[in-house]
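Take a look at the structure set out below.
The values are calculated or read from the model by the stated rules, or taken from the named source; none is laboratory data. Just so you know, these numbers come straight off a predicted model, no measurement behind them. Cβ atoms come from the backbone with ideal geometry, glycine included; neighbour counts cover every protein chain shown.
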Amino acid sequence: MSKSKSPDKLINAGDVIVDEIKLVSYTGFELDLRKIVGDFTIYEDIYSNCLSGSLVFPDSMNMVKNFPIIGQEDLYITFYTPGLDSKPRRVRFKVYKVSSYIRGEGSITVAIRLEFISHIAELSSQLKFNRVMRNMKFSEMVNTLHSDLIKVDPLLPPITINDTYGKTTVLLTNWSPLYAINWFANRSVSPNNRQICDYLFYETLDGFNFTPMSALKQLPSVCTYKSAPGGFRAKSGDRMIESELRNISSYSIRDMGDKIRESRLGVYSSNILVHEVTTKSYYANNFSYRDSFGDTPHMNKGRMIPYDSKSQNRPNSYLKYYDKSHFMYENVDDSSFVDKSPYRQSLLNQMNSMTMTIDVYGDSTLRVGHMVDLEFFTQEYSKDKDDYLDRYLSGKYMVTAIMHNVTDGIHTMRVTIARDTYNEELPDKKEKTLR
């Protein structure tokens, strides 16, 4: 694994400093793989609780047998982007399997591919909690479980927690840690805005996060990526490294305007039928995208459908039935989850209304949950030289997934971005005749 010429300055877009790739066996034996690893990949996703990845290296000494590698090893990777990241990112993983063991035709060397994941995934598969968490906020419950996990594994990453509204009592009966935290996230509501109920629990290179997506939408953009021809040069003839770093080499729109799928998922209209067991009654709770749009933050100002779209008047496009009972399990009050479920269903799926992947050079400071601005050139001819941007594709996006790939000393990223709104508002009716 090669290095950049300078540890403190970005000389070429894609430069990366890899300070450590260390494998530690269950016996405590350490193996330095930095000089022999051909490439490694680290994947982070806002919808995933854990980091994961893989690495490939040649095994000319039969280390699988002699080390041995059995899927119980600790893996340490330390890397950073010179000139941008002042803090080397040291992440610890658990190797859980050897996914391939290949020798090519005519070759005497075997290539090994190891799959790894965050340690909390292993802990969650082996630990079960049986306890009562009494009169606590969901955010406090998450912090308590994280503290308990730290006692088992002191090297677990830190956690950033956004506060939640209300207190309740929850009985954990043989629940795994990740199941419990995801259960809390599914029922959490923001104390500042009761309509914000899109909490997620995910991990980045900096640690764990328990936060609503709506709160992330209000953050400022960390950078601007542009889809422009390569070969950036200043008027002086000098290379523009920053522009190369933020240039989109290729992009692919994955989902854009699948209104049948979005309607089926309750993005624009839904209806829940609630049976209140305690009072032996029932009621319907209709949700409308039109009426609720202003209740929660959005990334841009333009709705994904026109204001008068009929899709917002058909609540049976997504119909759910719930039992609801105050204090069904002693002091467990699950009523808020039922009443907020249409909002959560819509908010989470709004972020899938438009997604795309972009291929860019690596930046170890970029995280899922970050906001970025994108600029795309329009595909139509414009007489106005200042009107060169595609007004619908351009705008503010959220990073929802990053695949960091380091191959032969070059760091690239495949970034999945998404947004819940257009950069500009859609017209509600025809304004002019096309000629």
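Below, the figures for the structure above:
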{"quantity": "Any hit, region 35-54, residues being farther than 30 Å from Asp198 by Cα, out of contact with any strand residue (DSSP E or B) (no Cβ under 7 Å at 6 or more places or on another chain) and of a type in the set (Val, Ile, Thr)", "calculated": "no"}
{"quantity": "Answer residue from region 352-387, given it is modelled with pLDDT of 90 or more and among the hydrophobic types (A, V, I, L, M, F, W, C) and is farthest from Tyr43 (Cα to Cα) among those", "calculated": "Leu374"}
{"quantity": "Test: residue in region 109-130 that is part of a loop (DSSP other than H, G, I, E, B) and under 30 Å from Leu347 (Cα atoms)", "calculated": "yes"}
{"quantity": "Meets criteria (at pLDDT 95 or above, closer than 16 Å to Ser252 by Cα and of a type in the set (S, T, N, Q)) for Thr400", "calculated": "yes"}
{"quantity": "Boolean, Lys310 is at pLDDT below 85 and surrounded by fewer than 14 Cβ atoms within 10 Å (Cβ to Cβ)", "calculated": "no"}
{"quantity": "Criterion violated by Lys432 - all others in (1) at pLDDT below 80; (2) under 27 Å from Ser364 (Cα atoms); (3) not aromatic (Phe, Trp, Tyr) satisfied", "calculated": "(2)"}
{"quantity": "Complete set of residues in region 267-292 that are of a type outside the set (D, E, K, R) and not in a strand (DSSP E or B)", "calculated": "Val267, Tyr268, Val277, Thr278, Thr279, Tyr289, Ser292"}
{"quantity": "All positions within region 149-162 that are surrounded by 14 or more Cβ atoms within 10 Å (Cβ to Cβ) and farther than 15 Å from Glu122 by Cα", "calculated": "Ile159, Ile161, Asn162"}
{"quantity": "Unmet criterion (only one of (1) at pLDDT below 95; (2) among the hydroxyl-bearing types (Ser, Thr, Tyr); (3) within 23 Å of Tyr43 (Cα to Cα); (4) out of contact with any Gly (no Cβ under 9 Å at 6 or more places or on another chain)) for Ser249", "calculated": "(4)"}
